[in-house]
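A short write-up of the structure that comes next.
The values are calculated or read from the model by the stated rules, or taken from the named source; none is laboratory data. Being a predicted model, the structure only gives us computed values, none of them experimental. Cβ placement follows ideal geometry from the backbone for every residue including glycine, while neighbour counts extend to all protein chains displayed. Side chains are part of the model used for accessible areas, which takes the heavy atoms of the whole protein and leaves out ligands, DNA and RNA. Shrake-Rupley method; radii C 1.70, N 1.55, O 1.52, S 1.80 Å.
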Amino acid sequence: MNAWVRSGQDGPGRTNEAVIGEGTAPGFTRGTIDEIIAGRFACRAFSDAPVPRHIIEQILGVARFAPSGANIQPWHVHVLAGTARDEVSAALLRAHEEARDQHVSEYRYYASELPEPYLDRRQQFGRLFYGSLGIAQTDTEARSRQTARNYAFFGAPVGLIVTIDRRLEIGSWLDLGMFIQNVMLAAAGCGLQSCPQETFAKYHRILRSLLSIPAEQMVVCGISIGHANNAATRRLMPRAAVNEFASFRGFEN
Ligand SMILES: Cc1cc2nc3c(=O)[nH]c(=O)nc-3n(C[C@H](O)[C@H](O)[C@H](O)COP(=O)(O)O)c2cc1C
């Protein structure tokens, strides 16, 4: 077991195990912001229970209170449900099946050569993620089938496509990240789970035409939102302990 997954105290009353739970986060008081943050996980299996429009409006209505430099609020969201969601899914699944090499994201999410400790963490992610699905990491066909599930929004009744104006700078992407996290936390506050998905960025040309996304907007990611399927109500991924990413100075003791 490497250092970043070791169990132990992450803070008062918080162990790494504290964030591995059945939809909630043991060790946190139910309903508190800490519990909501620690109880969120990338959900990749949703039930088909519908999520009505007013709930999504409520989630976005809360998420818009994310901070942004000079309050420019650089987020744009396309909310998809029903036949609109199905149409997008069908088009992207077809592209993934028939023409995946002809599509590329407009931005690079990952560095081409990940330095440590990020490389080690990504490898751990691969082992845990594909291991949980019974997929050998060398099985490219099975991995591709798993990637395809992204385009069906993992069965979620609602999918968001998030875009940002390409004329904005990297600082606005910070703002957008805060907004996206707010969306997921607000969803969790409503008893819903979510999955942020950069896999949608690859098919921006198809999304642009289907959703009439203006040329100046760049597709950043999708977000699936819905009720977690019973089989998927837990977090798989551990976190590094606080002392591995934070240094403290000036405190007594
Ligand atoms: C911006 C962003 C994009 C992501 N894209 C995908 C994706 O395309 N498909 C996917 O299955 N998970 C995706 N994830 C989920 C991450 O794999 C997940 O957040 C990470 O492994 C930690 O797990 P946790 O969120 O359950 O704690 C993405 C996460 C973020 C923040």
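Observations on the structure shown:
- Filtered residues of region 174-207 (kept if open to solvent by 50 Å² or more (accessible area, probe 1.4 Å), under 17 Å from E106 (Cβ atoms) and either among the basic types (K, R) or more than 16 Å from the chain's Cα centre (by Cα) (or both)): K202, R205
- Selection from region 148-177 of residues that are part of a helix (DSSP H, G or I) and away from the ligand (no atom under 12 Å from the Cβ): G155, I170, G171, S172, L174, D175
- Search result, residues across region 208-235 that are closer than 26 Å to W173 by Cβ and at pLDDT below 95: R235
- Verdict on A70 being surrounded by 13 or more Cβ atoms within 10 Å (Cβ to Cβ) and more than 15 Å from the ligand (Cβ to nearest atom): no
- Of all residues in region 131-147, exactly one satisfies the criterion of being within 11 Å of the ligand (Cβ to nearest atom) and open to solvent by less than 30 Å² (accessible area, probe 1.4 Å), namely Q146.
- Hits in region 220-232 (condition: farther than 24 Å from G177 by Cβ and either assigned to a strand (DSSP E or B) or out of contact with any strand residue (DSSP E or B) (no Cβ under 8 Å at 6 or more places or on another chain) (or both)): N230, A231
- Residues that are in contact (Cβ under 8 Å) with a residue 24 or more places away in the chain and in contact with a strand residue (DSSP E or B) (Cβ under 9 Å, 6 or more places away or on another chain) number at least 3 in the following helices (runs of 4 or more DSSP H) confined to region 32-146: 53-63, 82-98.
- Among the residues listed as L207, L174, L185, L168, the single one being within 19 Å of A84 (Cα to Cα) and in contact (Cβ under 8 Å) with a residue 12 or more places away in the chain: L207
- Candidates V77, V88, V62, V104 - the one that is open to solvent by 70 Å² or more (accessible area, probe 1.4 Å), within 16 Å of the ligand (Cβ to nearest atom) and at negative phi: V104
- Counted residues, region 151-173 - those being closer than 18 Å to K202 by Cα and open to solvent by less than 20 Å² (accessible area, probe 1.4 Å): 9
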